[in-house]
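The values are calculated or read from the model by the stated rules, or taken from the named source; none is laboratory data. What you are looking at is a predicted structure, and each value in this text was computed from that prediction instead of being measured. Positions of Cβ are generated from backbone atoms using ideal geometry, with glycine treated the same way; all protein chains shown enter the neighbour counts. Accessible surface is based on the protein model in full, side chains and every heavy atom, while ligands, DNA and RNA are left aside. Shrake-Rupley method; radii C 1.70, N 1.55, O 1.52, S 1.80 Å.
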Amino acid sequence: RELCELYRPDLLWFDGDWERDSDQWGFEQLRKDLRDWAPQTIVNSRMGGFGDYGTPEQAIPIQKPNGPWEFCVTMNDHWGYFKADKNHKSPRMCARMLAECAGMGGNLLLDIGPKSDGSIPSEQAQTLEALGEWTDHVGEALFGTVAGLPHGHFYGASTLSKDRSVLYLFAFDRPVEGLAVKGIRNEIVQAEVLGASPVAHRKVGGAPWAGLPGVLWIDVPDAVVDPMCTVVKVVLDGPLDLYTGSGDPVTFNV
């Protein structure tokens with residue numbers, strides 16, 4: 001109550017709810033009290049089922065979790081500073097996790113383990129700086145976006161603008177013969193690599209007159225490949241119109 005009334009926090013992050021059951025913790029009553037003390041404060045899921053959002057940990061989700069969520073993960077193998085732990089994730093690994101979380105409509109909660117004097121270990125500081133430089137460059141594809149394409153439409157993470165008329169594709173691996181996207185019925189206004197010039201695109205196959213789209217192929221020349229992650233912006237002619245079916249015979253031709 002003191003925390004809520006004196007500091008008006010935006011968030012209270014609980015942990016360890018598995019050590020007692022919900023009745024022993026008194027979570028139902030505590031949740032009611034929190035709404036009275038600080039109605040603007042949200043709480044995480046580790047509150048015996050009375051939280052506001054999910055917190056999957058260490059193993060990134062394969063399927064999009066239900067409701068709002070964030071992925072909690074360490075930069076090496078420990079939440080706190082541990083001198084002998086040198087198993088640090090690279091900046092590209094962290095950037096991939098960030099893109100995959102955004103692609104499923106979630107956030108990344110990336111842990112930092114400070115030393116006893118409050119300083120950040122150099123390996124973690126370097127990763128944060130690299131991530132910051134990358135997000136400065138491709139921020140429009142991450143911040144303020146929503147979940148992108150479902151599994152199977154693009155082999156990588158993707159996001160959409162809030163009005164769903166701009167698609168962002170994240171390519172962490174070097175494209176060979178371009179990027180392929182399946183199921184888009186929309187006309188493509190333009191495709192471009194963020195920070196570079198527009199790139200060529202074409203649809204191959206399909207029967208659009210019967211509602212069966214071809215595969216969208218986007219050229220990504222070596223000259224515009226980003227060593228961290230190449231992000232391609234695809235401007236559609238309106239909100240995403242996505243085909244998710246299993247295919248049908250084409251009963252008429254035009």
Checklist entry - From the residues in the stretch 184-207 that are farther than 23 Å from residue 227 by Cα and open to solvent by less than 40 Å² (accessible area, probe 1.4 Å), which one is farthest from the chain's Cα centre (by Cα)? => result 207
Checklist entry - What number of residues in the stretch 68-109 are surrounded by fewer than 17 Cβ atoms within 10 Å (Cβ to Cβ), within 24 Å of residue 154 (Cβ to Cβ) and either of a type outside the set (A, V, I, L, M, F, W, C) or in contact with a Cys (Cβ under 7 Å, 6 or more places away or on another chain) (or both)? => result 4
Checklist outcome for this item: Restricted to the stretch 229-242 and to residues being in a loop (DSSP other than H, G, I, E, B) and touching a strand residue (DSSP E or B) at 6+ places or on another chain (Cβ under 7 Å), the residue least open to solvent (accessible area, probe 1.4 Å) is 229
Checklist entry - What about residue 226, is it in a loop (DSSP other than H, G, I, E, B), crowded, with 17+ Cβ neighbours inside 10 Å and modelled with pLDDT under 95? => result yes
Next on the checklist: Return the residues of the stretch 185-228 that are in contact with a Pro (Cβ under 6 Å, 6 or more places away or on another chain) and either under 23 Å from residue 146 (Cα atoms) or not β-branched (Val, Ile, Thr) (or both); say none if nothing qualifies.
Outcome noted: 185, 190, 192, 206
Checklist entry - Quick check, is residue 13 at pLDDT below 95 and either open to solvent by 80 Å² or more (accessible area, probe 1.4 Å) or among the polar types (S, T, N, Q) (or both)? => result no
Checklist entry - If you take the residues of the stretch 166-183 that are of a type outside the set (Asp, Glu) and more than 15 Å from residue 216 (Cβ to Cβ), which of them is surrounded by the fewest Cβ atoms within 10 Å (Cβ to Cβ)? => result 176
Next on the checklist: Just checking: which of the strands (runs of 3 or more DSSP E) contained wholly in the stretch 103-215 hold 1 or more residues that are under 28 Å from residue 245 (Cβ atoms) and polar (S, T, N, Q)?
Outcome noted: 158-160, 188-193
